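What follows is a set of notes on a single structure, which appears directly below.
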Amino acid sequence: MRRVVKRFTGSAILGLALLAACSSASISTNTETAPVPPADEPAPDPMCKTPGALPAGAWFTDITAESGLANVDGNIRIVAADVDGDGLPDLLVHGVLSARDTAAAPKKRLFLNRGAGHFEDATAQSGLVDSRDGAGTGRLANLAVFADVDNDGDLDFFNGAYIDENTDPTAAAKDRSEILLNDGKGHFTFAPRSKPSSKALPTSSASFNDYDRDGNIDIFVGTFYDGAEGGGSYLYKGLGNGTFSDVSEASKVLRPATAGDIPKFLAGENRKPAYGVTACDIDDDGDPDFVVSGYGRSFNELWRNDNGVFTEIGQKTPFAADENVSFEDNEFYRCWCSKNAGKCAPEDSTPKVDCTNSAWNPGTDDQPARNGGNTFTTACADLDNDGDLDFVNAEIHHWHIGQSSDSSQIIRNDLAGGTPTFVRIPNDEKSLVQPHTITDWNEGNITVGAFDLDNDGRKDIYLTSTDYPDTWGLIYHQKADGTFENVTDTAGAKVYHSVAYTSVDIDGDGDLDLVMMTSLARCSGDKKCPAKNTIKVFRNDVGSASNFVQLRLHGKGEGFSNAAAIGAKVTVVSGGVRQVQEVGGGYGHFGVQHDTMLTFGLGATCAIDSIEVRWPNATSTLQKFPAVVANHVVDITEGDEKPKYTATK
């Protein structure tokens, strides 16, 4: 059943005023408050709910069989975006390090949401398997994130290509990352080509943003290893027509290449091999800052945006890595000790691994720069409802590396006076502790995100896991005291090797459902593995019992806010709780994206005290809406006089 659309008029505001541009250290804002609507313009009738206690389990129901996605295989990433403009999130699935697409066996596939959680394969008419050589000719493309790059009201996407020139010269000659423009109906064509890069890069991640707040979407791109270090992080400025200019060096986000210079590596000055990047406003000054999720047990980076010039501020803080650098239980260190008698103090125990292929370099591997994490994704979210954005890292941590390697963890942001301070929350039974059921365990976390599964006003966490033995996607439910409980076994959405996911309202009932993708890469002899890579679809059966509001934001485009409102900060105050979310432009390992529509759970509270939108324009204009009616989808357009309500089913 499609969402029934019914339009109402309600309270609203304002016009934009011209204010002087502000620095990132201090925001000058234009704030107006919507008047109470007159009697002849009533808001829709309240539809209040009285939620009961959560059931002991079975919060989700597996609806894969009826979703139209039961027989999809060959892909291990999934992102959500409303590409045909009908108000329902559609799905794009794709490979990661897969071969070039062909029309006969596409790695990229588009599924349009036809309502009630049912999807229809629209790949054939989407243009996804076209190349610049012609229709259906296929090309290499390994990640996708969405935004409206040409400000025409629909979502376009960046299709990143992971290219290793050393091992795949054919790809280096043929393929490049591309921008594909949407015709508004889910058919994509190539944007005019930007100035080509002189070098094909192993692109692993991307995040849309508007770093200079000119109303045109920009994109921050991360790369993996290119020789001895990462290929670098790149920033491309959008020109509003689907083309981009390279401002990586001018903005300072691209570190100089160090060619494996050990002193610079130990000082954290090397280009990090990035498996994920993220854009979000960490210092709450109105412009996006950038995160680089570093692999190789290296430091993570946090780049603060100061009027379009970036400074790395994460190093020497808990953001870069945890404080545990004790490497004595690293099995490779023990191998080295076993071959270098008398050089370890104290002598370590016998190695528990075959030392034939082990490697340990004193002076490097025993230093903090080599005892961080294998960070694949960093998610931004206000987990504690204090108004600033916190982080959750998804890490791969191997048993044989020991305690110095970082595990997935929450990093709380205690923002004061525009300066973020970071606190790592210990992993215990009240946080993101993970069960180790076998001796040679691996915490194989690849992507992560925060969403309110039960609409109680507190964000929960979903942590995916790649294809190591006995690894599952993990659901952590946030309780009233701010601690997290692992509810994976009881929630009804336990999936083996759940390597990717998106949390979106697929059936239009006001709560966030889960769509996951599984992986088979290490499944030889593992009886828990399914027969093929699969999509799993889980309907949320508890969130819609609580009150909520869903918001779709629309910017005015160039000179104002980008049309998809990427980077807009929304604050909802209800029942004494102040919740904050940003509209995101994708993030993380080979593309993680949910929906540009924001869902706020309100719990038992039906009355919304206010909704505030801080637009990502040059003056960080604020719009404030009092007395918005709950349990509707609310469309807010920058500078519009009235919001529009859509009744949910």
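The values are calculated or read from the model by the stated rules, or taken from the named source; none is laboratory data. Since this is a predicted model, take the numbers as computed values, not measurements. Quick reminder, even Gly has a Cβ in these numbers, built from the backbone with ideal geometry, and neighbours come from all protein chains shown. All accessible areas refer to the heavy atoms of the entire protein, side chains included, with ligands and DNA or RNA removed. Shrake-Rupley method; radii C 1.70, N 1.55, O 1.52, S 1.80 Å.
Once you order the gyration tensor axes a ≥ b ≥ c over the Cα atoms, which shape class does region 402-478 get: rounded for a/c under 1.5, otherwise prolate or oblate by comparing a/b with b/c?
Values: a/c = 2.40, a/b = 1.44, b/c = 1.67.
The shape class here is oblate.
Taking Glu485, Glu612 and ordering them by how much accessible surface each has at a 1.4 Å probe, largest first, produces Glu485, Glu612. Summing Cβ point charges (Lys, Arg +1; Asp, Glu -1) relative to the Cα centre of the chain gives a dipole of roughly 1080 debye. Overall, the anisotropy analysis places region 536-649 in the oblate class: the square-rooted eigenvalues a ≥ b ≥ c of its C-alpha gyration tensor yield a/c not less than 1.5, with a/b not exceeding b/c. Overall, region 197-305 carries a charge dipole of about 540 debye about its Cα centre when +1 sits on the Cβ of Lys and Arg and -1 on the Cβ of Asp and Glu, all other atoms neutral. Using a probe radius of 1.4 angstrom, the carbon and sulfur fraction of the accessible surface of region 213-305 is 52%.
Summed over qualifying helices (DSSP H, 4 residues or more, each -39500 (n - 2.57)) and divided by its residue number, the chain shows a 222 nm mean residue ellipticity of -1000 deg cm²/dmol. Ranked from largest to smallest solvent-accessible area, with a 1.4 Å probe on the protein heavy atoms, Cys48, Cys606 come out as Cys48, Cys606. Heavy-atom accessible area for His436, with the other protein chains in place and a 1.4 Å probe, reaches approximately 90 Å².
Ignoring any ligand, DNA or RNA, what whole percent of the accessible area of region 599-649 comes from carbon and sulfur when the probe is 1.4 angstrom? Provide the component values of the computation, followed by the final result.
Details: 700 of 1370 Å².
Whole-percent figure for carbon plus sulfur exposure: 52.
Accessible surface area normalised per residue over the chain is 37 Å², counting heavy atoms of protein chains with a 1.4 Å rolling probe. Lys352: which aspartates and glutamates have alpha carbons under 17 Å from its alpha carbon, excluding same-chain residues fewer than 8 sequence positions away? Hits, sequence-local ones excluded: Glu328, Asp329, Glu331, Asp440. The share of accessible area on region 390-490 that comes from carbon and sulfur is 52 percent, using a 1.4 angstrom probe.
Across the options Cys280, Ser207, Phe244, the greatest Cα extent toward the positive end of the charge dipole of region 186-324 (unit charges at beta carbon of Lys, Arg, Asp, Glu) belongs to Phe244. When only alpha carbons are used to place a centre, region 333-396 and region 254-301 end up 18 Å from one another.
Bridgeable aspartates and glutamates around Lys527 (alpha carbons under 15 Å apart, same-chain partners fewer than 8 residues away excluded): Asp467, Asp470. By a 1.4 Å probe calculation restricted to protein chains, Arg176 has an accessible surface near 70 Å², given to the nearest 10. With 18 Å as the limit on Cα-Cα distance, the pairs of Lys107/Lys237; Lys107/Lys494; Lys252/Lys272 that go past it are Lys107/Lys237; Lys107/Lys494. Between the residues Thr170, Ser298, Pro626, the greatest Cα displacement towards the positive end of the dipole of the chain, with unit charges on the Cβ of Lys, Arg, Asp and Glu, is found for Thr170. Candidates Gly372, Val353, Asn393 compared by Cα position along the dipole of region 348-412: farthest toward the positive end lies Val353, with charges placed on Cβ. In the chain, the DSSP beta bridges split such that about 95 percent are antiparallel, to the nearest 5. Most tightly packed first, judged by the mean number of other beta-carbon atoms within 10 Å of their residues, the peptides 406-419, 177-190 read 177-190, 406-419.
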